[in-house]
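Trainee: Have a look at this one.
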Amino acid sequence: NTMSPSGWHILGAGAIGGLYATGLAAAGVPVTVLTRDTDSAAVLMREGLTVEEPDGHELHARPLAEPVVAGGASIRRLLVVTKAQDTVAALELIAHRLGPETRAVLLQNGMGTADAVHLRFPRLMTVIGTTTNAAYRSTPRRLVRARRGETWIGDGPLPLPVIERHILSEALAESGLHAAWDNDLKLRLWHKLVLNCAVNPVTALLDVPNGVLAGTGPARTLVAAVCIEAAAVMQAEGLPADARTLIEQVVRLAHESGRNVSSMRADVRAGRTTEIDFINGYLLARAQAHGLQAPCNRTLTELIRLRTATAGGAA
Ligand code: KPL
């Protein structure tokens with residue numbers, strides 16, 4: 001089995017994947033985007049990607065690209081930025097390229113994917129990531145970075161050898177986007193989960209930008225209800241949590257990423273399945289495991305499920 005040159009492969013064609021692909025390519029790091037088919041690979045290589053930064057500055061770069069089914073060399077560094085529910089199926093397509101030297105960073109919304117991946121690929125060394133960057137796709141080749149955030153990575157089900165931790169986070173930070181290792185990622189993952197629980201379903205249901213959640217009045221009432229329930233579940237999980245801090249974090253993110261199109265809003269608009277089962281659905285499952293009720297999160301979950309079920313031909 002030959003080994004791909006150092007650098008990155010990116011699986012998943014969303015906005016966050018696009019940010020990293022552009023940043024790495026612009027920095028001269030070999031980066032290959034794994035695309036659905038040959039045509040999309042050709043277009044991507046020819047036209048490249050443009051990122052509009054929060055200050056209006058533009059970054060253009062042309063990453064390498066190849067169809068996900070092509071290529072046989074084993075992959076060394078893989079950034080997995082698929083939708084949570086598509087992760088295992090997407091990895092199946094490149095299963096023959098995953099070996100003992102592969103390091104797969106799962107940088108996705110929601111929780112529960114690392115365990116699903118570990119069940120299917122018990123020897124694959126996965127690292128879990130979480131980001132507070134916010135971006136959306138304005139056209140197929142153009143990304144708008146609405147908020148400059150942080151990206152943290154940490155151990156998944158199999159611990160990464162200690163000497164590799166900073167090598168991996170630094171390799172990711174070559175993109176020019178922040179990236180660092182966290183020895184105890186669980187709290188950050190929960191904080192991000194709460195942001196997604198509060199912002200994603202509401203922006204998707206009302207078809208509004210994130211900034212709406214920064215408002216006072218009904219927006220604040222909703223955010224508070226989501227966060228109060230989440231804080232109780234976090235405490236039951238043994239994590240430090242206080243509803244007021246969570247509310248402040250949601251309002252700040254909503255404000256700073258005010259013009260962002262949340263990923264769930266983009267999914268609902270495009271008639272795609274949403275990540276609700278890995279976001280509010282995950283919170284509900286944990287609530288249930290602790291014998292807690294989370295009625296606001298339950299209502300948001302059911303509304304999104306109903307919205308998707310009645311999307312009527314949008315898919
Ligand atoms: O992760 C996001 C998403 O849209 O999925 C946030 C952080 C809420 C930014 O929009």
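Trainee: Confirm whether V33 is of a type outside the set (K, R), assigned to a strand (DSSP E or B), in contact (Cβ under 8 Å) with a residue 60 or more places away in the chain and closer than 17 Å to R141 by Cβ.
Mentor: Values: of a type outside the set (K, R): yes; assigned to a strand (DSSP E or B): yes; in contact (Cβ under 8 Å) with a residue 60 or more places away in the chain: no; closer than 17 Å to R141 by Cβ: yes.
No, not satisfied.
Trainee: Which count do you get for residues in segment 242-258 that are under 18 Å from L189 (Cα atoms), surrounded by fewer than 20 Cβ atoms within 10 Å (Cβ to Cβ) and touching a residue at least 40 places away in the same chain (Cβ under 8 Å)?
Mentor: Result for segment 242-258: 1.
Trainee: While we're on this one: Does segment 184-199 contain any residue that is at pLDDT below 95 and either within 21 Å of L19 (Cα to Cα) or not in a helix (DSSP H, G or I) (or both)? First the steps, then the outcome.
Mentor: Pass one, segment 184-199, residues at pLDDT below 95: 184.
Next, only the ones that are either within 21 Å of L19 (Cα to Cα) or not in a helix (DSSP H, G or I) (or both) stay: 184.
Scanning segment 184-199, I find at least one residue that is at pLDDT below 95 and either within 21 Å of L19 (Cα to Cα) or not in a helix (DSSP H, G or I) (or both), so the answer is yes.
Trainee: Continuing with this model, one more query. Has segment 189-205 got at least one residue that is open to solvent by 20 Å² or more (accessible area, probe 1.4 Å), under 19 Å from A15 (Cβ atoms) and either touching a strand residue (DSSP E or B) at 6+ places or on another chain (Cβ under 8 Å) or away from the ligand (no atom under 16 Å from the Cβ) (or both)?
Mentor: Scanning segment 189-205, I find at least one residue that is open to solvent by 20 Å² or more (accessible area, probe 1.4 Å), under 19 Å from A15 (Cβ atoms) and either touching a strand residue (DSSP E or B) at 6+ places or on another chain (Cβ under 8 Å) or away from the ligand (no atom under 16 Å from the Cβ) (or both), so the answer is yes.
Trainee: Give the residue, chosen from L292, L284, that is more than 16 Å from the ligand (Cβ to nearest atom), surrounded by 20 or more Cβ atoms within 10 Å (Cβ to Cβ) and either of a type outside the set (D, E, K, R) or within 21 Å of V208 (Cβ to Cβ) (or both).
Mentor: L284
Trainee: While we're on this one: Filter segment 60-112 down to residues that are over 20 Å from the mean Cα position of the chain (by Cα) and acidic (D, E) and give me whichever is farthest from L124 (Cα to Cα).
Mentor: Ranking the candidates gives E66 first.
Trainee: Among the residues in segment 24-36, are any at pLDDT below 95 and surrounded by fewer than 20 Cβ atoms within 10 Å (Cβ to Cβ)?
Mentor: Yes, segment 24-36 has at least one match.
The values are calculated or read from the model by the stated rules, or taken from the named source; none is laboratory data. Predicted, not measured: the structure shown is a model, and the values here were computed from it. Positions of Cβ are backbone-derived with ideal geometry, glycine not excepted, and every protein chain shown enters the neighbour counts. Each accessible area value is taken on the protein alone, full model and side chains, heavy atoms only, with ligands, DNA and RNA left out. Shrake-Rupley method; radii C 1.70, N 1.55, O 1.52, S 1.80 Å.
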